[in-house]
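Okay, so here's the structure we're looking at.
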Amino acid sequence: MALTRSTFAAVGLFFATLATPSFADTYHHIDEVAVTIERQARLIVEETRHYIHTPEYRHLVSDAQDMCRLASHMHEVAHHHGSLAHLESDLRQLDAEFHHLEGLFDRIEIRAAHGQGHIHGGTGHVRSLLDSIEDNIHHLQDDVRSLRNPHFVARPVIVPQPIVYPRHRSTTIDRFHDSHDHGHGHQGYRSHHSGSFGRGITIGGGSSRFTIRF
């Protein structure tokens with residue numbers, strides 16, 4: 001056959017690679033989202049000024065700065081195509097820190113509403129910023145999880161070779177009957193091939209000979 005097994009494998013690998021999303025492109029996208037989270041985390045640090053006259057202010061600033069440092073570190077890992085395990089670890093820490101900080105903002109808002117401290121100005125934009133950070137963290141988690149998916153590994157597709165059956169060869173019994181018939185004329189019976197009609201048995205000889213084909 002002109003196309004060998006290795007040729008089929010190479011063709012299959014080529015098409016599998018075309019259909020496979022680019023590992024590098026996904027890392028680049030992760031890097032872009034990480035930059036966005038880092039920028040948003042810095043904005044959160046700036047927004048803590050609205051809570052300067054609340055009992056939890058120092059705690060709030062410290063946690064906001066911790067989240068900012070985690071976001072910055074995760075961005076560096078993503079930018080330099082660090083290991084997936086490292087990215088996953090950073091994301092777990094960032095997600096945990098975010099939810100802790102989000103809960104702290106909620107408690108401050110509730111306590112301030114009951115007279116425990118005073119918040120300067122409106123803070124609706126802070127809630128919108130936190131919601132956006134949460135969405136981006138979940139987005140990153142999905143992207144990193146997708147890098148663990150086998151479809152990013154271009155596997156060769158092996159297409160089995162066509163089965164080519166060999167031409168029929170006479171069996172030992174056929175050869176025996178042929179030699180027997182040649183030695184004893186056309187009497188009796190013999191098994192033989194008959195062109196496109198397949199196999200058959202000839203009984204008798206001369207004008208009384210007849211053949212049963214099958």
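Quick notes on this structure:
- The modelled label-to-label distance for the pair His80/Ser62, using points 7 Å beyond Cα in the direction of Cβ, is 2.9 nm.
- Considering only alpha-carbon pairs that sit under 8 angstrom and 6 or more positions apart, the relative contact order computed for region 22-148 is 38 percent.
- Computed over Cα pairs, the Kirkwood radius of region 22-148 leads via Stokes-Einstein (0.890 mPa s, 25 °C) to a diffusion coefficient of 162 µm² per second.
- Take the Cα of Thr36, step 7 Å toward its Cβ, do the same at Arg111, and the gap between the two points is 3.3 nm.
- Region 22-148 - accessible surface per residue (Å², probe 1.4 Å): 51
- On region 76-141, 51 percent of the accessible area sits on carbon and sulfur atoms, based on a 1.4 Å probe.
The values are calculated or read from the model by the stated rules, or taken from the named source; none is laboratory data. Computed from a prediction, not measured in an experiment: that's the story for all the values here. FYI the Cβ positions are ideal-geometry reconstructions off the backbone, even for glycines, and counts take in every protein chain you see. What goes into the accessible areas is simple: the full protein's heavy atoms, side chains included, and nothing from ligands, DNA or RNA. Shrake-Rupley method; radii C 1.70, N 1.55, O 1.52, S 1.80 Å.
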